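The values are calculated or read from the model by the stated rules, or taken from the named source; none is laboratory data. Because the structure is predicted, anything quoted here is derived from the model rather than measured. In this analysis, Cβ positions are derived from the backbone assuming ideal geometry, glycine residues included, and neighbour counts consider all displayed protein chains.
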Amino acid sequence: MMAHRVLSLAVIAAVTVAVVIGYLMVGRSPFKSYPWHPDTTASEFSPLENPGPDNAFISNAQSAWDKDWRAHAPQENAYFVAVPYADYLSSGEFNPDNVRIPWHVANVPGQSELKNRWVQLESKVDGKTLTAFGQVEDTGPSDTLDDRKMSDPDYVFGPLGHDSSQPILMKPKNTFDLQAGIDLSPAIAKSLGLDGSGNVSWRFVDRKDVPPGPWTATITISPPNW
């Protein structure tokens, strides 16, 4: 009996390791879905924007993960968003709240668990539900460059102990202008029937759950570039 028990434990351990490695290799999460952020104010942004009153005089030429974003963006996915959380701080250290990322496995230097991550977005226009998908390529909206003040894990991932089967009802802590909780590229805003800003619902999705569309014509796979 003891020998069989040891063997069983060894098999269980081996399967567990295999599952973890599998998630690391394909970038998938054991979660079947992620909670929605309903009725969220969204604003439009672009790497072509120069500093001005509409963006708190913060240049978009660089993103949270790419110092040359303005130069690289034309070759990357035109369907992108910014959310108020980055897995790296401007000091180069990992954000201590990374353990709250639902698909978090480990902090790996030079890699990001947020950059290029997919989101699904919906809006309602004239009684119709419009849907689009995009990739996370920057942080915001915010009127500060202080990453610790901008970082909003309660809003992005849900408060501690949040039931992932329920929508996230937290409001973003961003108080600038529209108090928006997500920034949309012009391509996404157009797909959702928005003109500069509007209300959307959004959630993270795994790559395998992204249907073909204009958002898959070019997929951004570039790593962080500091």
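Of note:
- Each residue in region 201-226 was checked for being in a loop (DSSP other than H, G, I, E, B) and of a type in the set (S, T, N, Q), and 3 pass.
- Restricting region 183-206 to residues that are of a type outside the set (Gly, Ala, Ser) and in contact with a Phe, Trp or Tyr (Cβ under 6 Å, 6 or more places away or on another chain), the residue that is farthest from THR40 (Cα to Cα) is VAL205.
- When we screen ALA64, ALA78 for residues that are aliphatic (A, V, I, L, M), within 14 Å of ASN225 (Cα to Cα) and surrounded by 15 or more Cβ atoms within 10 Å (Cβ to Cβ), the only hit is ALA64.
- The residues on offer are TRP226, TRP202, TRP215, and the sole one that is under 20 Å from ARG70 (Cα atoms), aromatic (Phe, Trp, Tyr) and modelled with pLDDT of 95 or more is TRP215.
- Leading residue by the ranking (farthest from the chain's Cα centre (by Cα)) among those in region 175-193 that are within 17 Å of THR216 (Cβ to Cβ) and small (Gly, Ala, Ser): SER191
- Residues in region 138-170 that are closer than 19 Å to SER91 by Cα, modelled with pLDDT of 90 or more and of a type outside the set (S, T, N, Q): ASP138, ASP152, PRO153.
- Residues that are surrounded by 13 or more Cβ atoms within 10 Å (Cβ to Cβ) and of a type in the set (Gly, Ala, Ser), drawn from region 100-130: SER112, SER123
- One residue stands out in region 81-99 among those that are outside any loop (DSSP other than H, G, I, E, B) and of a type outside the set (Asp, Glu): the one that is surrounded by the fewest Cβ atoms within 10 Å (Cβ to Cβ), namely VAL99.
- Residues satisfying the stated conditions in region 163-191, i.e. assigned to a loop (DSSP other than H, G, I, E, B) and surrounded by 20 or more Cβ atoms within 10 Å (Cβ to Cβ): ILE168, PRO172, ASN174, ALA180, GLY181, SER185
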